[in-house]
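Have a look at the structure below, then the notes.
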Amino acid sequence: MVLLSHSGRPIGMSRLWLCFGAGAVTGRAVGLGVQVREYTGTLVRAVDSSVDVSALCSYAAQDQLAYPLLSGVDPYDDTIFNARQAAVLSMELASLAAEAPDESLRMAAVELLSLAALLEVQPGRPHHRRLLFIGD
């Protein structure tokens, strides 16, 4: 038996937990999740499921020169950014927050900006955080 995602691609067993946790049982489409984690694995913060990260990445993919990092997010696998990469990604997100043609895209960019900011070096903040885009 082969399990398929909402897009028709095979799902590996390591992905099965994500699909069931994100709504596959109810038949809802599974989109991208985004989290900030410590390198120890501790969850710092996750984006709310109402934020349409998939739409934002799809929009960015239309202009890969303007949004090289965001357009490279893999919707079917995990994409991980370290603090240095997240700083560049933040510039892309700030641009989208100001210029995206749709309010939901702008709000998604603002939400992701707040997550990326959690990777910035601050006094008393643990170093080595990661920004994870979790594909379906």
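All of the numbers you see were taken from the coordinates with simple rules; none came from a lab. Small disclaimer: the values here were computed from a predicted structure and weren't measured. For neighbour counting, all protein chains shown are included, and Cβ atoms are generated from backbone atoms with ideal geometry for every residue, glycine included.
Structure values in brief
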read-out	value
Listed peptides 109-115, 96-102 by packing density, highest first (mean Cβ within 10 Å)	109-115, 96-102
Segment 60-136: projected area of the alpha-carbon convex hull, averaged over directions, in nm²	5.3 nm²
Gain on full stretching of the segment that runs from Arg84 to Gln122 - 0.36 nm per residue minus C-alpha separation	12.3 nm
